[in-house]
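A quick write-up on the structure given underneath.
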Amino acid sequence: MIGLALAYLRDRGLVTALNILLIALGVASLAVLLLVSSQVEQRFTRDSAGIDLVVGAKGSPLQLILSSVYHVDVPTGNVPAASLDLLRGDPGVARAVPLALGDSFRGARIVGTEPPFLAIHGATIADGRNFATTGEAVVGAEAARTTGLTIGRRFAGTHGTGADGHAHDNFAFTVVGILAPTGTVTDRLILTTIDSVWAMHGIEGPATQKHAAEPHDHGPGDAHDHDHADAAEPKGAILDPRGGPAPDITAILVTYRNAMAAVRLPSAINRETALQAASPATETARLLSLFGAAFDGARLFAWLVALTGLASVFVILLAAATAREGDMALLRVMGASRSQAAGTVLLEGLIIAAAGALLGLAAAHALLALGASLFPTLRAVGVGPALFHPGELGIAAAVLGLGVLAALIPALKVYRTDLAETLARAT
Amino acid sequence: MPNALELRSIRFSRNGRPILADFGLSLAPGEQALLLGPSGCGKTSLLNIAAGLLTPDSGDVLLMGERMPARAADRDALRRRTVGIVFQTLRLISALSLRDNLALAARLAGQPADGIDRLLAELSLSHRAGARPRALSQGEAQRAAIARALVARPALLLADEPTSALDDANTDRAAALLVRLAAEQGSALLIATHDSRLKAHIPRAIQLAAAPDRVAA
């Protein structure tokens, strides 16, 4: 009977194709939403693993997390480097890794940090060695691919994260290592020492901030937030032990030594210093809940599209069940049972729904592949085509179930057809 | 060997109006007969009763010696095994090609599909094997309906006004084919018709009158 069901579908090919397309649109939308939300959530979880707290300049805590953990936003500002010593001296801190942000090379962000940064994301050197001294850089796997940097290559950083920043031609980095892929944000970064970033900006020593005194032309949207006033006269910031304002860093990634630190440190920092402490877990949850509301709305719309497709299946099969009354009677006369005759209608609903579901899922993955290749911002938040999500099976099963449901009433109509009456009418 | 069809004391009425009263008929295996009578005299009802598509008010229907079962599913099974029907207008499944129609009919009857090409050739339909029913002419469609019924190799072939829509030339051709092919494969044949031209092909005729009081010829 599958052959007969397929023949009926072929017989009204255009309508069948439109039915399938409508269902596929809904399924593709649902699958894209599912994949994007799950991939973003996974990426956020992976990227923030091992980081309990981020300490940076006052401002939006979400912005601080986005810029310092996920490297997708501009930093809130800078904080004195001496803040690092303060945190490292705290008994509740197991690890504090500084970040100096604000520059890039061909779209890959340059992160001034310390070698333990690699341990946070479990990054290992695939080729060469780790950075150790001023001017040395290691490049994440994807950054190496997109920038074309290889070991031994020298390059100058560009101010900001956009393409329109001015180049820091006065200072050249040398690539000493390429990282193995980690599936985390590290893949997209260029890592170097903190003082390399200072040197790039002309800051020669920790106690001297030439950078603040130099005329600087910052374009709108540049990531490097030079809060010159704050740097010269930090509002209640931790002062350098030598008495002057300390060289800036952008943020500090903190890992707690114990659970008590989670209770004490954030509030102590936010209350007693000019610094801001933000929890990646909290901010990420907040962000995902904001996304979640938008996703829920989009998901509702996607279901509406899919249901419209399935409703059209119902209407078309109901009309078909009436139109092919004679066919079904003949089929019965030829020896098919009631169930076989009704089964062809059910099969049609199932085949349309299955084709729509398969096409929709394939389209979703193709769409994500296209999106990830066209838009670096999507890649930045972990969106990609390849990974299959078990939820896709759920979507397919739901659509198949609804397809059968849409065909049920037309199939019952065929099942209940009185053969003799139909033949009397039709012959 | 039991009769292909045996109707005993059949009574049938529709909407309180008697159509058949104490009607009896026997058709031996391979035997051919015409069921003649004016429109509305009960020819189609009689064929439907013989095929188990209608249940008589009383009387017995036996196909190849097997009594027509009361259960619908069992009636379907008996019909599938023993009966082929050619209708006046309901000829083929609309979505299937002619060849696929014949293949489906053979499969439902549990018969091999290897005779399809020969049958199509016999009925001069080989060149239309891939055509959909709506693309066939009246004559081709009626020959195709005969092929569809014969491919199941039924013990009893029932035909309801098989030539009513055909011109003289096509009537003669369709009737001749029906008679010859049914005979070749040993199927008993009962044709319900008001077309007396068919007497030229099948000598035995059972005349049904408009009144219900009638018996087998």
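The values are calculated or read from the model by the stated rules, or taken from the named source; none is laboratory data. If you're wondering where the values come from, they're calculated on a predicted model, not measured in any experiment. Glycine gets a Cβ as well: all are built from the backbone with ideal geometry, and neighbour counts include every protein chain shown.
Assess whether residue A:46 counts as being surrounded by fewer than 19 Cβ atoms within 10 Å (Cβ to Cβ), under 30 Å from residue B:101 (Cα atoms) and either within 14 Å of chain B (Cβ to nearest Cβ) or within 13 Å of the chain's Cα centre (by Cα) (or both). No, not satisfied.
Answer yes or no as to whether residue A:123 is closer than 21 Å to residue A:379 by Cβ, touching a residue at least 24 places away in the same chain (Cβ under 8 Å) and assigned to a loop (DSSP other than H, G, I, E, B). When the stated conditions are applied, residue A:123 passes them. Annotation: residue B:110 fulfils all but one of (1) surrounded by 14 or more Cβ atoms within 10 Å (Cβ to Cβ); (2) touching a helix residue (DSSP H, G or I) at 6+ places or on another chain (Cβ under 9 Å); (3) modelled with pLDDT under 90; the unmet one is (1).
In segment B:23-39, the condition of being over 20 Å from residue A:424 (Cα atoms), buried (at least 16 other Cβ atoms within 10 Å of the Cβ) and within 12 Å of chain A (Cβ to nearest Cβ) is met by no residue. Suppose the filter is aliphatic (A, V, I, L, M), within 14 Å of chain B (Cβ to nearest Cβ) and touching a residue at least 24 places away in the same chain (Cβ under 8 Å); does residue A:305 pass it? So residue A:305 does not fit the description; no. Just the residues that are on the phi < 0 side of the Ramachandran plot and of a type in the set (Ser, Thr, Tyr), please, taken from segment B:1-57. Scanning segment B:1-57 gives B:13, B:26, B:39, B:44, B:45, B:55.
Taking the numbered list (1) surrounded by 21 or more Cβ atoms within 10 Å (Cβ to Cβ); (2) closer than 24 Å to residue A:184 by Cα; (3) among the hydroxyl-bearing types (Ser, Thr, Tyr); (4) within 18 Å of the chain's Cα centre (by Cα) in turn, residue A:29 passes all entries but (2). Taken as a whole, the structure leaves residue A:86 outside the set of residues that are within 26 Å of residue A:194 (Cα to Cα), at pLDDT 90 or above and not assigned by TED's automatic domain parsing to the domain that holds residue A:9.
For segment A:112-130, taking the residues that are in contact with an Asp or Glu (Cβ under 9 Å, 6 or more places away or on another chain) and buried (at least 16 other Cβ atoms within 10 Å of the Cβ), the one that is nearest to residue A:202 (Cα to Cα) is identified as A:112. Do we find a residue being touching a residue at least 40 places away in the same chain (Cβ under 8 Å), surrounded by fewer than 20 Cβ atoms within 10 Å (Cβ to Cβ), aromatic (Phe, Trp, Tyr) and closer than 16 Å to residue A:405 by Cβ anywhere in segment A:277-298? There is no residue in segment A:277-298 that is touching a residue at least 40 places away in the same chain (Cβ under 8 Å), surrounded by fewer than 20 Cβ atoms within 10 Å (Cβ to Cβ), aromatic (Phe, Trp, Tyr) and closer than 16 Å to residue A:405 by Cβ.
When segment B:51-109 is filtered for residues that are facing another protein chain (nearest Cβ under 10 Å) and acidic (Asp, Glu), the ones remaining, listed by number, are B:76, B:100.
Suppose the filter is more than 9 Å from chain B (Cβ to nearest Cβ) and touching an Asp or Glu at 6+ places or on another chain (Cβ under 7 Å); does residue A:347 pass it?
Numbers: more than 9 Å from chain B (Cβ to nearest Cβ): yes; touching an Asp or Glu at 6+ places or on another chain (Cβ under 7 Å): no.
So residue A:347 fails the test.
Per the listing A:406, A:420, the residue uniquely more than 14 Å from chain B (Cβ to nearest Cβ), in contact with a Ser or Thr (Cβ under 9 Å, 6 or more places away or on another chain) and not charged (D, E, K, R) is A:406. Identify the single condition in (1) in contact with a Ser or Thr (Cβ under 8 Å, 6 or more places away or on another chain); (2) of a type in the set (D, E, K, R); (3) more than 14 Å from every other protein chain (Cβ to nearest Cβ) that residue A:41 does not satisfy, given that it satisfies every other one. For residue A:41, the failing item is (1).
Filter the helices (runs of 4 or more DSSP H) completely within segment A:127-242 down to those with at least 2 residues that are at pLDDT 50 or above, in contact with a Lys or Arg (Cβ under 8 Å, 6 or more places away or on another chain) and not polar (S, T, N, Q). Quick ask: steps written out before the conclusion?
Numbers: elements: A:141-147, A:194-200, A:210-213, A:228-232.
Helices (runs of 4 or more DSSP H) meeting the threshold: A:141-147.
The criterion of at least 3 residues that are over 13 Å from the mean Cα position of the chain (by Cα), away from chain A (no Cβ under 14 Å) and polar (S, T, N, Q) is met by none of the strands (runs of 3 or more DSSP E) falling completely within segment B:111-217.
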